[in-house]
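The values are calculated or read from the model by the stated rules, or taken from the named source; none is laboratory data. Since the model is a prediction, treat every value here as computed from it, not as a measurement. Don't worry about glycine lacking a Cβ; one is built from the backbone with ideal geometry, like all the others, and counts go over all protein chains shown.
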Amino acid sequence: MDPRQRPLLRRRLGVFRALTWSLVALLLVVYAWLQLVRHGEFKQLALQQAVKVRPIPAPRGLVLDRNGHRLVDNRRALHLVIQREDLPTRTEVVTALAESLSLDPAALARKIQSYRLAGKGRPLVLKENLDEFGIALAERVRARYPFLSVEVAPRRVYLGDELAGHVLGYVGEVDEPLMKAKPDLFRLGETIGKEGFEASGNDKLKGLDGQKRILVDQLGTEVANFGQEDATAGRSLYLTLDAGMQKIAQDAMGEEAGAVVVLDLRDGGVLAMYSGPSYDPNLFLNRLSQDMVDRYLANNLTRPMVNRPIQGIYAPGSTFKLLVALAALEKGIISPQTPIYCAGKKNFYGRDFRCDKPTGHGLVSMVQAIAQSCDVYFYELASRMDIDVIYATAEKYGLTERTGIDLPQEKRTRIPSREWKRKAVPRDPKWYAGETISVGIGQGAVGVTPLGLARFYALLATKGKLLTPHLFHGFRDDQSNELVLAPVPKPLDTPMDPRHWAILNEGLAEVVLSGTASTNPFVREIAREIPFSGKTGTAQVATFVDKAHYARQAKKFKDHALFAGFAPRENPQIAFAVVVENAGFGSTAAAPIAAKLVKYWFVDRLANPLPPPRGRMVDPFAPPPKEDGE
């Protein structure tokens, strides 16, 4: 190398060394600044990318009958879900995912979009309650779509199957309109009560979700747990139902359509409320197939989803005669001893109104007319009264309003009046006197719910206490595990004249002792053991010429059978109403069911009590298992 170039080279190497050490020093300063000054900030950003918050669904509270037997329980279930931050955005991914899981691509896309736009909420459930086949499918699909996950969640189980489907109702995922209407109360993906007590008691039954913080890798796989807040289960609630009484009602109704209601006269608690045909709430926990929709919601003429005790409006037939008699007594239109002659029919306003007994009952007083259910007697009473008088009496004794039971969608009973007709039939708003004649025997425009009818007979049994039927009995204390009773709705006191009550009470007793109900051998047998009172009713569904013509009618045109009353005759404890659709006479179809309920409550329940609660519905009268060799 030329000696003259060495100084230049040394200068250049010096400059390079200076630049190199300056760069190293700068890198050290930057590294120190990032590590020491901005360490917390970058650590937080990294954790936000790697640490995810996962909700822990809270189990709903259990539902038990008044004796502690479980009607609704929870169990663990596996669901295939997408976490909210992992929702796919590409249309082709959504379509392929839907096809892999046999879902409707358009429906899945809409649901993903709604979850993406919503605020807080649970993960989107794609497949719920996975069985072995479902788990295998989920794992196969997850291999292709790693953003999917399988999570454990509580799931409702209805232990009585169809025993109390309409009372309990069922649960389901909150829908988008409800969430938008009450964003502070509901979140997407939340499970809420849809029908029955699950809906009306939703605020008491639902718990408080927890959450856990987890560390995930680049594939979304959980690698560490950063702690969690446990979910708080909802309160376990007791209903006023007696599971044994409910089962008797179910078995007695059998395959017939209708309703059974039994009320506790101490406080209005519902001891039994059965609607037939019933349904199994467990079936509605999954997405319904078209066959299920047709069976329960669309093409079933028996309307199994209608809660008949509170939504069925029936002509009360002769069970309404007690109200007409009470109105006549209070208005002084007739005395209890006034005789009225029944020749089997009577002409009013140019039309013959027939009695159920073609040959007539002869001279009858009020007690005899109630016992024998003489239509002509009550035609005559109605002809002497204005329709608004009947309405005013019904209003006074609570028969024109909803009962106020703690169940959703209760319908109002229909007691006609002049004002009612003006609103209901604007094309022909005038009330005709002949219409009052039919109302006098519980036909025409009169319509009551079985629960409303049971409450009216509870009022007769208690001499004027208007009870509020209710199902909420209390809740289980988390510490002592004991029942804490809920406040009882205060009854409204509507006192009757004791003389009027005595006449009605005697008439109801004679119905079973010597009147229309006494013609049934089973009713007579039970009444000898447990004296009870009641009134038969037969509500006409279609008109017919004579009994021969009636006998030829199809079942759907047969009369509804009713029986309402209370037991025992002295110091009553329960009141009841039974309606059997298209079953004929109240004495043959409805009264025997009421007798079975009376027998259970006063005999079988005490002689063969239900075993201690074990968390499962049991048959209190199942035959004992056969021993070996029998």
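The table below lists the values:
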quantity	calculated
Condition broken by L178, with the remaining ones in (1) surrounded by fewer than 19 Cβ atoms within 10 Å (Cβ to Cβ); (2) under 30 Å from P309 (Cα atoms); (3) modelled with pLDDT of 85 or more satisfied	(3)
Count - residues of the range 484-534 that are more than 26 Å from G398 (Cβ to Cβ), part of a helix (DSSP H, G or I) and touching an Asp or Glu at 6+ places or on another chain (Cβ under 8 Å)	0
Top-ranked residue in the range 514-543 [being closer than 10 Å to A595 by Cα and among the charged types (D, E, K, R); ranked as surrounded by the fewest Cβ atoms within 10 Å (Cβ to Cβ)]	E525
Residue in the range 136-155 that is surrounded by the most Cβ atoms within 10 Å (Cβ to Cβ), counting only those that are closer than 29 Å to L208 by Cβ and aliphatic (A, V, I, L, M)	L148
Residue list for the range 351-408, filter: hydrophobic (A, V, I, L, M, F, W, C), assigned to a helix (DSSP H, G or I) and under 38 Å from the mean Cα position of the chain (by Cα)	I370, A371, F378, A382, I387, V389, I390, A392, A394
Members of the range 382-401 found to be of a type in the set (S, T, Y) and touching a residue at least 24 places away in the same chain (Cβ under 8 Å), listed by number	S383, Y391, T393, Y397
Residue check for P59: of a type outside the set (A, V, I, L, M, F, W, C), touching a strand residue (DSSP E or B) at 6+ places or on another chain (Cβ under 6 Å) and part of a strand (DSSP E or B)	no
Residue tally, condition of a type in the set (G, A, S) and surrounded by fewer than 19 Cβ atoms within 10 Å (Cβ to Cβ), over the range 366-392	2
Qualifying positions in the range 409-419 - assigned to a loop (DSSP other than H, G, I, E, B), over 22 Å from K490 (Cβ atoms) and not hydroxyl-bearing (S, T, Y)	Q409, K411, I415, P416
Qualifying residue in the range 442-449 (condition: of a type in the set (A, V, I, L, M, F, W, C) and either surrounded by fewer than 16 Cβ atoms within 10 Å (Cβ to Cβ) or touching a His at 6+ places or on another chain (Cβ under 8 Å) (or both))	no
Scope the range 242-258; condition part of a helix (DSSP H, G or I) and either among the hydroxyl-bearing types (S, T, Y) or under 14 Å from H69 (Cβ atoms) (or both); matching residues	A243, G244, M245, Q246, K247
Of all residues making up the range 231-274, the number that are in contact with a His (Cβ under 9 Å, 6 or more places away or on another chain) and over 19 Å from I574 (Cβ atoms)	1
Residue selected from the range 156-175 under the condition at pLDDT 90 or above and among the small types (G, A, S), by the criterion nearest to the chain's Cα centre (by Cα)	G169
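Every residue, every condition in (1) under 32 Å from the mean Cα position of the chain (by Cα); (2) part of a strand (DSSP E or B), yes or no:
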site: Y115; (1), (2): yes, no
site: L126; (1), (2): yes, yes
site: L130; (1), (2): yes, no
site: F133; (1), (2): no, no
site: A136; (1), (2): no, no
site: E139; (1), (2): no, no
site: A143; (1), (2): no, no
site: P154; (1), (2): yes, yes
